[in-house]
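To start, the structure under review is shown below, and the notes come after it.
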Amino acid sequence: DSAELKQNEILIKVKSAAINPVDYKLPRFIGGKGVGFDVSGVVERVCPTDATDFSVGDTVFGRVRAGLSSGSLADYAIVSTDRIAKKPEWLSFDEAAAIGVTYLTGVHAFKLGNVKEGASVLVIGASGGCGLAGIQLAVAMKANVVGICSGKNFDFVRGESGIDQMENVNLELVDYTDDK
């Protein structure tokens, strides 16, 4: 709480954090501890010299920048305002904390792949966090989607991704355990 905020930084009281493989794999490469990136919480303080869209008491979610603070696995986290957004009321703190790495992975992959409406997208690991996010993003972009996962997870993928409630979705799920 005594940390000094720099321009474009806010201090949030952490309500929820998510753990992703990058949180425990990346520190091995950079020689640090696993501290977490994805976070949601309540704004406690805003840099006093900033004109910002955030105010004390706002509920927010986003990503902690590596090296900026103790990470998302702490009581408080310092977050850059370009890596945080106001949390919609209908989204729980836990749901909001789970968005960062998984959805940004999909967004970056689709940008690199120049995915547009009508494109074909293959999602390997469709029942995992990044896989579900990839399917949701690809469907929202009106792509033709093939998802690969175990057949026992087909209903889970359709239900958790919300695909089963949408119309005009071009999604084919392939069971990688089926020898046919």
Equivalent ellipsoid, the chain (semi-axes from 5 times Cα gyration tensor eigenvalues, Å): 34, 18, 14
Hey, what do the phi angles of the range 163-175 turn into as Karplus ³J(HN,Hα) couplings, whole Hz, using 6.51/-1.76/1.60 and θ = phi - 60°, x for Gly and Pro? 4, 5, 9, 10, 9, 6, 9, 9, 10, 10, 9, 10, 8
Which order do Lys6, Lys180, Lys87 take when ranked by solvent-accessible area (1.4 Å probe, heavy atoms of all protein chains), largest first? Lys180, Lys6, Lys87
C-alpha long axis of helix 100-112 to longest principal axis of the chain, angle in °: 60 degrees
Give me the accessible area per residue for the chain, probe 1.4 Å, as a whole number in Å². 59 Å²
For the pair Lys152 and Tyr76, the simple spin-label estimate (label points 7 Å beyond Cα toward Cβ) gives in nm 4.6 nm
Give me the percent of DSSP beta bridges within the chain that run antiparallel, rounded to the nearest 5. 70 percent
Between Arg83 and Ala140, take the C-beta separation as r, use R0 = 30 Å, and let me know the FRET efficiency to the nearest 0.05. 0.85
Measuring from a point 7 Å past the Cα of Glu44 along Cα-to-C-beta, which residues in the range 3-22 have an amide N at less than 19 Å? 3-18
Could you check the spin-label model distance between Leu122 and His108? Points 7 Å from the Cα along Cα→Cβ, value in nm. 2.1 nm
With Cα atoms, 0 to 90° folded angle of helix 21-30 axis to the chain main axis: 60 degrees
Once the principal axes of the Cα atoms of the range 86-180 are found, what is the range along each, listed largest first in whole angstroms? 47, 30, 25
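The values are calculated or read from the model by the stated rules, or taken from the named source; none is laboratory data. Note that the coordinates shown come from a computational prediction; the quantities given were computed from them, not determined experimentally. Reconstructed Cβ throughout: ideal geometry from the backbone, glycine too, with neighbour counts over all protein chains shown. Note: accessible area is taken over every heavy atom of the protein model, side chains too, but ligands, DNA and RNA are not part of it. Shrake-Rupley method; radii C 1.70, N 1.55, O 1.52, S 1.80 Å.
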